[in-house]
1. Could you tell me which of the residues Gly76, Gly65 is in the same structural domain as Lys141 (by TED's automatic domain parsing) and on the phi > 0 side of the Ramachandran plot?
2. When you check Leu133 against the structure, is it within 11 Å of the ligand (Cβ to nearest atom) and either in contact (Cβ under 8 Å) with a residue 40 or more places away in the chain or within 24 Å of Gly84 (Cβ to Cβ) (or both), yes or no?
3. With respect to Ala38, is the statement that it is away from the ligand (no atom under 16 Å from the Cβ) and either of a type in the set (Phe, Trp, Tyr) or not in a strand (DSSP E or B) (or both) true?
4. Just to be sure I understand, how many residues within region 74-125 are small (Gly, Ala, Ser) and near the ligand (Cβ under 10 Å from one of its atoms)?
5. How many of the residues in region 56-84 are farther than 16 Å from Glu135 by Cα and within 18 Å of the chain's Cα centre (by Cα)?
6. From the list Pro45, Pro7, which residue is in a helix (DSSP H, G or I) and either more than 16 Å from the ligand (Cβ to nearest atom) or of a type outside the set (Ser, Thr, Tyr) (or both)?
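The values are calculated or read from the model by the stated rules, or taken from the named source; none is laboratory data. Predicted, not measured: the structure shown is a model, and the values here were computed from it. Cβ placement follows ideal geometry from the backbone for every residue including glycine, while neighbour counts extend to all protein chains displayed.
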Amino acid sequence: MGFLFRPETAGEGKRREQGMKRRAFLKKGVTQALYAAAGLILAWPVFSFVTYRKNRKREIIFTPGEQAAGVIFKEGVFLVKEKGTRHALSARCTHLGCTLRYDPVSRRFRCPCHGSVFDLGGGRISGPARKNLKELPVKKKTGGERVVTLTT
Ligand code: FES
């Protein structure tokens with residue numbers, strides 16, 4: 001019966017105090033790790049949304065029927081038939097990114113926003129844009145379709 005009420009020695013008290021400090025430290029560390037994990041889980045959708053748009057590739061398919069016209073616009077791309085060959089240009093103005101319109105009378109691309117003008121080869125003629133239009137790769141498929149790869 002006497003051992004139940006034995007007074008604590010100085011060494012035992014110190015060890016008990018150290019054990020409590022260790023437990024508090026571990027509890028704090030585990031809590032912080034859980035907060036960090038929760039932060040990563042919550043931040044992941046935002047991170048993937050921000051990085052999703054980079055280097056996104058789209059393929060725009062022009063059927064043989066569509067290719068009969070001299071200049072065809074489809075999904076942000078111009079497919080241009082010139083001197084028996086076809087090349088593709090981005091329809092995005094190199095000034096501030098407005099979508100260009102094709103003027104069949106002058107056979108030029110015109111920007112409705114600030115008036116930049118480009119020739120059929122994509123070369124800048126006038127306006128605030130300083131760069132030529134972006135040339136895009138075109139692949140011809142066996143069925144006669146042409147596939148243009150647009151990277152945004
Ligand atoms: S966006 Fe085309 S000229 Fe400004």
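1. On the way: Gly65 fails: on the phi > 0 side of the Ramachandran plot.
So the residue among Gly76, Gly65 that is in the same structural domain as Lys141 (by TED's automatic domain parsing) and on the phi > 0 side of the Ramachandran plot is Gly76.
2. Details: within 11 Å of the ligand (Cβ to nearest atom): yes; either in contact (Cβ under 8 Å) with a residue 40 or more places away in the chain or within 24 Å of Gly84 (Cβ to Cβ) (or both): yes.
Taking the combined requirement at face value, the residue satisfies it.
3. Values: away from the ligand (no atom under 16 Å from the Cβ): yes; either of a type in the set (Phe, Trp, Tyr) or not in a strand (DSSP E or B) (or both): yes.
Taking the combined requirement at face value, the residue satisfies it.
4. So the first thing to find is which residues in region 74-125 are small (Gly, Ala, Ser), and the list is 76, 84, 88, 90-91, 97, 106, 115-116, 121-123.
Remaining after also requiring near the ligand (Cβ under 10 Å from one of its atoms): 97, 115-116.
Of the residues in region 74-125, 3 are small (Gly, Ala, Ser) and near the ligand (Cβ under 10 Å from one of its atoms).
5. Residues meeting the conditions: 1.
6. Numbers: Pro7 fails: in a helix (DSSP H, G or I).
Unique residue meeting the criteria: Pro45.
Matching residues to (1) outside the structural domain of Leu120 (by TED's automatic domain parsing); (2) touching a Cys at 6+ places or on another chain (Cβ under 9 Å); (3) in contact (Cβ under 8 Å) with a residue 60 or more places away in the chain:
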site	(1), (2), (3)
Gly19	yes, no, no
Arg23	yes, no, no
Ala36	yes, no, no
Val46	yes, no, no
Val71	no, no, no
Cys98	no, yes, no
